[in-house]
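Q: My structure is below; once you've seen it, I'll send some questions.
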C-alpha cells in the first residue's frame, strides 16, 4: 500500500452501483417523470436523462462484466483500446463529459466485435488494424444514425420502437447489453460532430504522415488553445443567469447553460464559423464532498471557435431578413437589439442588418466584437467576465497604435510603378526584362513593412510632417537584363559589370526625377515614398559558381545563387500568402518573437517563413490555422518539438514532390547526418529545410543556427509555448502577462551591452526598453552627437528638397555596423545575440576556449573586463553601458 | 530614460554604502525565487534550465549590486573618428561619392582588369611559344557550320531556338504503358522505390527507439 501511495496520479475510484433498487417500469426513458418539480404548465415532463443516470447505475455491473469477458484473452483488442484511449486523451475537446470516455470507447469496441456491429473487428486483426477500423467507424459509419445496440442479433431484447425512442430523445444512442440504458446519453450533437471531424482528420494522418502518423496521433496534444482558432473564456461565477437556474430539472443546470451559449454564438456568428464548441468543466478536479455544490461551476466556461473561410468570417456586414418578412425581422431585431439597422444595399435590396465597421488591419477582431456583444446582451455579462483570445498579441506589431501593414497597398503600387518604369528604360545598353520583389515586405511577412517616407517622393507636394526618420529601410528588388554574349566570365569582373549597369540605370532614373543614392555595392532609388535597392541577377553567374565550386567547395554562395534562392522563395511565399490569409500575421508574430529573444543573428527571416509555412502545409493533427494566436502557438510548439536531428523538414508548397524527390531529399539529409555517429554535437545544417528550389538545404540554414543555438531556441520556444497555452486557457495571472512572451530575460547571457535607445535607427520599434541587468557594470558611454534618428522638417525643405534628402541615411543601421566591427575585432571570443527589429540590448556569451584556435591564446589571456571595455570602445556613441554577468570558464 | 536608470542605481548604491550592507533591498521572496531558479538549472542542464518568465520587477530588485561610482567612461565619443558612430557615418558618406565618381571607379577597374587579363594571356602564349609550340589563332571570317569530328551541322541554328523547336515537337514515343516490358519496368522500379523507402523507415524506427521519447502524457 505504501508503494501505491507514492505513485503520483494513481487513484482508486469507487463507483457505487444499485443493481436492483428500483422498478424498471418506473424508469421508462421516454415517458416517466422522476423529478417532481420539473413541470411545464403544471404537468410533469418526462425526465429521460435523470432516468437514464439511474439506469446506468443499475446495469453498470452487468455491462462491465460483459465488456470484460470480450476483452479477456484478446490481446490485440486490449492493445487497441489502450491506443484509442491515448488518442482520445490527447484530444481535450473530445475526451470530455459530453463526448468520449474510456468506458464508452471500450463499449464501442465491444459493439464492433458483435454481429450487430457488422463484426468489423475479428480475432485475426492486428492492433493497428483494429485501431484504424475503430477510427474509421467514428468518422464515417452510417450506423450512428440508426443507433448502436450492444446485443448480439439473436439475443436482442430491445425493440425497433425502443431504439427509435432512444434516437428521438437523445443525440446519440448506444444501447447497452441489458437493452435498458443508453450509454451515450450525455453525448451532445456538437460533441459528436467534433468527434467525427477529429476521427476523419486522424484517418488523413494515418495515410499522409511519416511513421504512420505516430507523432501526430499519439504524441501531440490537441488541446483547446492549439486546436481552435480562437478561444473564449466566460466567467459565470455569480452570474444571475446561473443562480436563476434550477437544480430540479432533467439535465444538469450547467449543461443547459452550455447549450444556451452554443446557440447564442451560433446565431450571432452565423457562417463566420465552421464549428463552435462549448465546454464547461463544472466539476472541480479536486472536490471535497463536504463542500457541496458551492464549488461547482466556479471554473470558467470555455468556448472554442473554428473559423470558416476568412472572407466570410471577416465580412463587415451581416445581412438579415427583409423587413416585409415581419416575423423574421422582429426576431432579428430582438436578437440584435440596438445593433440592428435597416439598410439598403447596392443591388437595391433592403434588409435588416448589422454592421461591424473596422479598419482593414483590425478585421480579425470582428468575431470578438460580435461574440462579446451577443453574450453580454443576452447573458448580462460584465466586460471583465469575458476574455476572447484574438488580438492579445497585436501589441508587438503596432507602431503608434496602428498596424503598419495597412500601408502595404501603397507599397505594392509604388513597386509596380517602378517596375514599369524600369522595363521602359531605353537609355541603358541592355533592356530590363523582368523585375521581381525580394523583400519580405512585398509578401506581407515583414514585421514592420516600411511606411512611406515624406522625403522619398519625386515632388514634395504633400504636406510635410514636422519630423521624419533619418534612416530609410531600402527594399530589395531583383532585375534581370535581356541576354547578351558580352558578359565577362570572371566572377569579379562580372560583379563589377553589374554595378556599372546598376549605376547606369540609377543615372537614367535620376534623369526622370527620382532620387538615387548609391555606393559600389548598392544602388537605392527613392520613389513614391519608398526606397528600393536594385540588384541584378545574371543566370550565367550560377554556372560560373559551379565551375569555381569544383575546385574549392567551401566557397560562400555566389551573389547570383543567393538571388536565385531569394527570388524563388519570394514568389513561393507570396503564393502561400494568397491561400492562407493568417499566414502573414503568424510569420510576423514569429519573427518578432525570434528577434525579441535576440536570435536575429542565428536564424534567417526566410527560415522562419519556411517553418511557419510548414504549419500551414502540414497542419496534422490539426487543420491549417486561421488565426494569428493559434498559428503562433503552433509555431512555438513546432519549433520546440520538431526532431531536427533525425528528420528533415520538407516544405512542399505546391504539392510537387513525388516519391523520387522525397527519396532525393532523404538521401541529402542522410548525407548531412553522416557525421552524427562520430560527433552528435556537430551536425550541419542543424536545421534541414528542404524546398522545391533547394532540396539539400543550402539556402538558409547552412551556416546557422548551430545545434547548440537551435537547442537554445527550442527551449525558449517550449517555455513560451507553455506560457501562451496558459494565457489562452487561464488568462493572465500576476506577473505572467501576454507581454512576457516578448520580454527576454537578460540574465541568460554572460555579458550584456546596452545601447542608447535614441541612437538606434528606429527607436519607435523597440518593444520594451531593456532593464539594467544584474552583474558588474564595466564601462558606460555617452550618446553620440553625430546621429539622430529623426530630423526636423521645416518649410524651407520644399525649396531645397535635394539637400534635405542628402541628409537621409538609406539602409543605415548603427547596430549592424557595431556588430560587424565587433565580429571583426573579436572573431572567436564570444557569440553575439541581438534583436534586428528593435532592441536596445545585445547579449554576449563566451565561446568555450576549446573552440578557439591555439593562436588565439593571446586574446583569451585578456581578462573579461578589459575585453568588455574594448567592446564598449568599438561602439562608442552607441553603447550606453556594458555589464559583466559571468566570466568565461577557464580551462 | 537612460539618466533615470543610472541615477536610480547610483542612489541605491549610496544607500548601500552608507549602511554598510550590500544585500539590503532584496526582499525574502525574491531571494527565494532566485534560489529556485538555480536549482532548476542544475536539474535540467544548461539549456533547458532557462526560465523565461523572469519578472522585470525582480531584475530591478537586483540592480543594487551595480557599482557606478568608479566606472570607466568610454572616452572621446564625439572626437574619435576611428571607432564607433562617427566612423560609421563617415564610412557611409565616403562610400557614396555620387554616381559619376562610382562609374569612373568601375571603368578604371574594368580597364585595368582587362589589361591584366590580356597581359596574362600574352604571357601564357609566350611561355607556350618558348616551349616550341606554335599558338594557333582563332579564325575570323566564315563561321564553321559543321563539327570537325562528326561532320554534323552546328552553329547554323542557335542552340536556344533549336531547343525550343525540339520542345515544340510532339514526342513520338508511345505511351508509357504501351509495351508490356515498359509496364514491367515501371512496376519493378516502383517496387525498388518502395523497398528503399521501407529500408529507410526501418532505420528511422531504430533511431526513434534509440531516442526513447515515447511519453504520451
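The values are calculated or read from the model by the stated rules, or taken from the named source; none is laboratory data. Not measured: the values here are computed from a predicted model. Methodologically, a virtual Cβ is constructed for each residue, glycine included, from the backbone with ideal geometry; neighbour enumeration extends over all protein chains shown.
Q: Inside segment A:110-131, can you point out the residues that are in a loop (DSSP other than H, G, I, E, B) and closer than 11 Å to residue A:74 by Cβ?
A: Within segment A:110-131, A:121, A:122, A:123, A:125 qualify.
Q: Within segment A:292-319, can you find the residues that are in a strand (DSSP E or B), surrounded by 14 or more Cβ atoms within 10 Å (Cβ to Cβ) and free of Cβ contacts under 8 Å to residues at least 60 places away in the same chain?
A: A:318, A:319
Q: So, of the residues in segment A:608-647 that are part of a loop (DSSP other than H, G, I, E, B) and closer than 18 Å to residue A:575 by Cα, which turns out to be nearest to the chain's Cα centre (by Cα)?
A: Applying the filter and picking the extreme gives A:625.
Q: Which one is farthest from residue A:762 (Cα to Cα) among residues in segment A:398-424 that are at pLDDT below 90 and loosely packed, with under 13 Cβ neighbours inside 10 Å?
A: A:401
Q: Are there any strands (runs of 3 or more DSSP E) wholly within segment A:320-392 with 1 or more residues that are in contact (Cβ under 8 Å) with a residue 40 or more places away in the chain, and if so which?
A: Filter on segment A:320-392 gives A:386-389.
Q: Would you confirm whether any residue within segment A:627-646 is crowded, with 17+ Cβ neighbours inside 10 Å, closer than 30 Å to residue A:363 by Cβ and within 14 Å of another protein chain (Cβ to nearest Cβ)?
A: yes
Q: Against the conditions (1) surrounded by fewer than 17 Cβ atoms within 10 Å (Cβ to Cβ); (2) touching a residue at least 40 places away in the same chain (Cβ under 8 Å), where does residue A:287 fall short? Just the number, please.
A: For residue A:287, the exception is condition (2).
Q: Hey, another quick one. Would you say residue A:278 is without any contact (Cβ under 8 Å) to a residue 24 or more places away in the chain, outside any loop (DSSP other than H, G, I, E, B) and within 26 Å of residue A:335 (Cα to Cα)?
A: No, not satisfied.
Q: Here's something else I'd like to know. Please go through segment A:539-583 and give me each residue that is modelled with pLDDT under 80 and out of contact with any helix residue (DSSP H, G or I) (no Cβ under 8 Å at 6 or more places or on another chain), ordered by number.
A: A:543, A:546, A:547, A:549, A:550, A:551, A:552, A:553, A:554, A:556
Q: Residue A:810 versus (1) within 11 Å of another protein chain (Cβ to nearest Cβ); (2) without any contact (Cβ under 8 Å) to a residue 24 or more places away in the chain: which is the lone unmet condition?
A: (2)
Q: Would you check which residues across segment A:34-54 are part of a helix (DSSP H, G or I) and touching a residue at least 60 places away in the same chain (Cβ under 8 Å) and list them?
A: Within segment A:34-54, A:48, A:49, A:50, A:52, A:53 qualify.
Q: Here are some residues: A:651, A:608, A:586. Which one is closer than 24 Å to residue A:222 by Cα, buried (at least 20 other Cβ atoms within 10 Å of the Cβ), away from chain B (no Cβ under 14 Å) and in contact with a strand residue (DSSP E or B) (Cβ under 6 Å, 6 or more places away or on another chain)?
A: Matching residue, one of A:651, A:608, A:586: A:651.
Q: How about segment A:648-663: which of its residues are assigned to a loop (DSSP other than H, G, I, E, B) and either touching a helix residue (DSSP H, G or I) at 6+ places or on another chain (Cβ under 7 Å) or within 16 Å of residue A:608 (Cα to Cα) (or both)?
A: Those that are assigned to a loop (DSSP other than H, G, I, E, B) and either touching a helix residue (DSSP H, G or I) at 6+ places or on another chain (Cβ under 7 Å) or within 16 Å of residue A:608 (Cα to Cα) (or both): A:648, A:651, A:652, A:653.
Q: Follow-up question, since we're still on this one. Residue A:518 fails exactly one of the following numbered conditions: (1) more than 8 Å from chain B (Cβ to nearest Cβ); (2) modelled with pLDDT of 85 or more. What is the number of that condition?
A: (1)
Q: Of all residues being touching a residue at least 60 places away in the same chain (Cβ under 8 Å) and touching a helix residue (DSSP H, G or I) at 6+ places or on another chain (Cβ under 7 Å) in segment A:602-611, which is farthest from residue A:443 (Cα to Cα)? Just the residue, please.
A: Applying the filter and picking the extreme gives A:602.
Q: Can you name the residue in segment A:433-453 that is over 17 Å from residue A:413 (Cβ atoms) and within 37 Å of the chain's Cα centre (by Cα) and is also surrounded by the fewest Cβ atoms within 10 Å (Cβ to Cβ) among such residues?
A: Among those residues, the one meeting the criterion is A:434.
Q: Taking segment A:786-807 only, how many residues are assigned to a loop (DSSP other than H, G, I, E, B) and free of Cβ contacts under 8 Å to residues at least 40 places away in the same chain?
A: Here the count works out to 3.
Q: Residue A:485 is checked against (1) within 8 Å of chain B (Cβ to nearest Cβ); (2) out of contact with any helix residue (DSSP H, G or I) (no Cβ under 7 Å at 6 or more places or on another chain); (3) at pLDDT below 90 and fails just one. What number does that condition carry?
A: The failed condition is (1).
Q: Continuing with this model, one more query. Please pick out the residue among A:94, A:121 that is assigned by the TED database to the domain that holds residue A:62, within 28 Å of the chain's Cα centre (by Cα) and buried (at least 20 other Cβ atoms within 10 Å of the Cβ).
A: After applying the criteria, what remains is A:94.
Q: Which one is farthest from the other protein chains (Cβ to nearest Cβ), of the residues in segment A:750-781 that are free of Cβ contacts under 8 Å to residues at least 40 places away in the same chain and assigned to a loop (DSSP other than H, G, I, E, B)?
A: If we take residues in segment A:750-781 being free of Cβ contacts under 8 Å to residues at least 40 places away in the same chain and assigned to a loop (DSSP other than H, G, I, E, B), then A:768 is farthest from the other protein chains (Cβ to nearest Cβ).
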